[in-house]
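*Asks:* I have a structure I would like to understand better, so I am pasting it below and will then ask my questions one at a time.
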Amino acid sequence: MVHWSVTYAPNTNTLDESDIAAIRQDFPILSTQVNGHPLVYLDSGATSQKPSVVLDAERDFSLHRNSAVHRGAHTLAALATEEFEAARETVARFVGADADEIVWTSNATEGINLVAYGISNATTAGTESARFVLGTGDEILVTELEHHANLIPWQQLALRTGATLRFIPVDDDGALELDRLDDLITERTRVVAVAHVSNVLGVINPVETITRRAHAVGALVVLDACQSAPHLPLDLHALEVDFAVFSGHKMLAPTGIGVLYGRRELLDALPPFLTGGSMITTVTMEGAGFLPAPQRFEAGTQQVSQAIALAAAVNYLGAIGMDRVAAHGRELSRQLLDGLAAIEGVRVLGDYGERVGLASFDVRGVHAHDVGQFLDDRGIAIRVGHHCAQPLHRRLGLTASARASGSIYTTAAEVDYFLDAVSGVRGFFGATA
């Protein structure tokens, strides 16, 4: 078995210029030229870039140990299964969980749907699933700043079960109105779904406060950790959430691999969503028995090389140190926010609280898509649109915004170059409003 990792010798509490310069050497794509300019990649919140060690891990497995897992008796199958399960243990340690609480999915969206449909299926399952049964009079609580992936599955669950969907509103700055928690989380609340970090605002939400209040009434807490797992030290046991999801492609790993975390006793009681091969014990023409979690949720052929590459990615992040990664994100955030706020005609969204290295903004008189094209012509890649968060944009009086998001490979010089480019947007388009 090959273990892929990178060793750094941290000597500061954050990443200094020499650290970032060394890290950037590990990312081949960062040497790319775009439209005649060196690539400045500020779209890591959508999809991060991958270091060579991650690319090598996936390729090495495919070259030397490629085989189906959990179903073969030959040597390659045994090696593949061992490495696949070792990857599960690696990822579990990284997020403060146990290996049997980690379910492989294709992405975070699938993980949330897995939980939502499992709750739907609980209405016809055995008594061990009674905690998940929803019906008329029960309530599901989300927030107004959720990504659509943590909103639409709960809308659909409410429609299927007759439960009522409610939400924690945000104020004019995009901050959750937490003073309304006591009114919104009641004895009727059965599920509370919340983003750890807003993918639009970059703000770290008070998950501990929301979780304590939810558990006080016996509600389950589902955490969207897509924007926190790549940027913050994450301990799911300490957070005491019941379920959590995140995607590999936002944390230096390939697309097509995600993670659902669930507390062991809840996974064991949750009915499966996808059924078929690899998740059964015995099958007759009349019925089937299911394996314990996590395998009962992993029907079909799994994303073996992608899971192994995700383990390489978390080893890479762990070698750098997540405290240092988080500190770098705070520095990027402050540089982005202060710089954007100083540009005339630019409105920064959600400049408050503790944050990761992400900032969304609106340029008065210029559509976000035009802002993105202007920057792209200068080699700067950002995100434009509603960022799969239309309700939040509507609440803030916008249809779209521009978003810059960094990672461990983002330099202060790149942010300065980006800010200088943004300062020229309104003049280029002749915006006078």
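*Asks:* Quick one: which residue in D235, D242 is within 23 Å of A319 (Cα to Cα) and among the acidic types (D, E)?
*Replies:* D235
*Asks:* Do the conditions hold for D173, that is, is it in contact with a Phe, Trp or Tyr (Cβ under 7 Å, 6 or more places away or on another chain) and charged (D, E, K, R)?
*Replies:* It is true that D173 is in contact with a Phe, Trp or Tyr (Cβ under 7 Å, 6 or more places away or on another chain) and charged (D, E, K, R).
*Asks:* Within the stretch 26-41, restricting attention to residues that are open to solvent by 60 Å² or more (accessible area, probe 1.4 Å) and in contact with a Pro (Cβ under 9 Å, 6 or more places away or on another chain), which residue is farthest from F374 (Cα to Cα)?
*Replies:* Ranking the qualifying residues of the stretch 26-41, first place goes to P28.
*Asks:* Sticking with this structure for a sec: What is the number of the single condition among (1) open to solvent by less than 10 Å² (accessible area, probe 1.4 Å); (2) without any contact (Cβ under 8 Å) to a residue 60 or more places away in the chain; (3) among the hydroxyl-bearing types (S, T, Y) that S198 does not meet?
*Replies:* The one condition S198 does not meet is (2).
*Asks:* Next up: Restricting attention to the stretch 277-286, and to residues there that are in a strand (DSSP E or B) and polar (S, T, N, Q), which single residue is least open to solvent (accessible area, probe 1.4 Å)?
*Replies:* Selected residue: T281.
*Asks:* A further question on this structure: Any idea how many residues of the stretch 35-87 are assigned to a helix (DSSP H, G or I) and either among the hydroxyl-bearing types (S, T, Y) or within 19 Å of T255 (Cβ to Cβ) (or both)?
*Replies:* 15
*Asks:* Select, from L260, L274, L291, the only residue that is buried (at least 23 other Cβ atoms within 10 Å of the Cβ) and not hydroxyl-bearing (S, T, Y).
*Replies:* L260
*Asks:* Only residues that are aromatic (F, W, Y), within 16 Å of G372 (Cα to Cα) and crowded, with 22+ Cβ neighbours inside 10 Å: list them for the stretch 400-433, please.
*Replies:* Residues of the stretch 400-433 aromatic (F, W, Y): 409, 417-418, 428-429.
Within this subset, residues satisfying the condition of being within 16 Å of G372 (Cα to Cα) are 417-418, 428-429.
Result: F418, single match.
Yes or no, residue by residue, for (1) open to solvent by 30 Å² or more (accessible area, probe 1.4 Å); (2) touching a residue at least 24 places away in the same chain (Cβ under 8 Å); (3) within 30 Å of A214 (Cβ to Cβ):
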| position | (1), (2), (3) |
| --- | --- |
| G72 | yes, no, no |
| A86 | no, yes, no |
| R93 | yes, no, yes |
| I112 | no, yes, yes |
| L134 | no, yes, yes |
| G137 | yes, yes, yes |
| L157 | no, yes, yes |
| T161 | no, yes, yes |
| F167 | yes, yes, yes |
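The rows are residues; the columns are (1) modelled with pLDDT under 95; (2) of a type outside the set (A, V, I, L, M).
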site	(1), (2)
A229	no, no
D235	no, yes
F246	no, yes
K250	no, yes
A253	no, no
G256	no, yes
Y261	no, yes
A269	yes, no
T275	yes, yes
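*Asks:* For the stretch 319-327, indicate whether the set of residues that are open to solvent by 20 Å² or more (accessible area, probe 1.4 Å), at pLDDT 95 or above, part of a loop (DSSP other than H, G, I, E, B) and within 30 Å of A402 (Cβ to Cβ) is non-empty.
*Replies:* No: the stretch 319-327 contains no residue that is open to solvent by 20 Å² or more (accessible area, probe 1.4 Å), at pLDDT 95 or above, part of a loop (DSSP other than H, G, I, E, B) and within 30 Å of A402 (Cβ to Cβ).
*Asks:* Can you list residue pairs whose Cβ atoms sit under 8 Å apart, with the first residue in the stretch 255-281 being within 25 Å of A229 (Cβ to Cβ) and basic (K, R) and the second being at pLDDT 95 or above and in a strand (DSSP E or B)? Count only pairs 6 or more apart in sequence or on different chains.
*Replies:* Close Cβ pairs satisfying both conditions: R263/F243.
*Asks:* Mind checking which pairs have a first residue in the stretch 304-318 that is among the aromatic types (F, W, Y) and open to solvent by 10 Å² or more (accessible area, probe 1.4 Å) and a second that is modelled with pLDDT of 95 or more and assigned to a helix (DSSP H, G or I), Cβ under 8 Å, 6 or more apart or different chains?
*Replies:* Close Cβ pairs satisfying both conditions: none exist.
*Asks:* Being in contact (Cβ under 8 Å) with a residue 24 or more places away in the chain and of a type in the set (A, V, I, L, M) is the filter here; which residues of the stretch 398-431 pass it?
*Replies:* L398, A400, A402, A404, I408, A412, V415, L419, A421, V422, V425, A431
*Asks:* Under 6 Å between Cβ atoms, at least 6 apart or on separate chains: pull out the pairs that start in the stretch 42-70 with a residue that is closer than 22 Å to A108 by Cβ and open to solvent by 50 Å² or more (accessible area, probe 1.4 Å) and end on any residue that is assigned to a loop (DSSP other than H, G, I, E, B) and modelled with pLDDT of 95 or more.
*Replies:* K50/L252
The values are calculated or read from the model by the stated rules, or taken from the named source; none is laboratory data. As the structure is a prediction and not an experimental result, all values here were calculated from the model. Ideal geometry is used to build each Cβ from the backbone, glycine not excepted, and the neighbour counts take in all protein chains shown. These area figures cover heavy atoms from the full protein model, side chains too; ligands, DNA and RNA do not enter into them. Shrake-Rupley method; radii C 1.70, N 1.55, O 1.52, S 1.80 Å.
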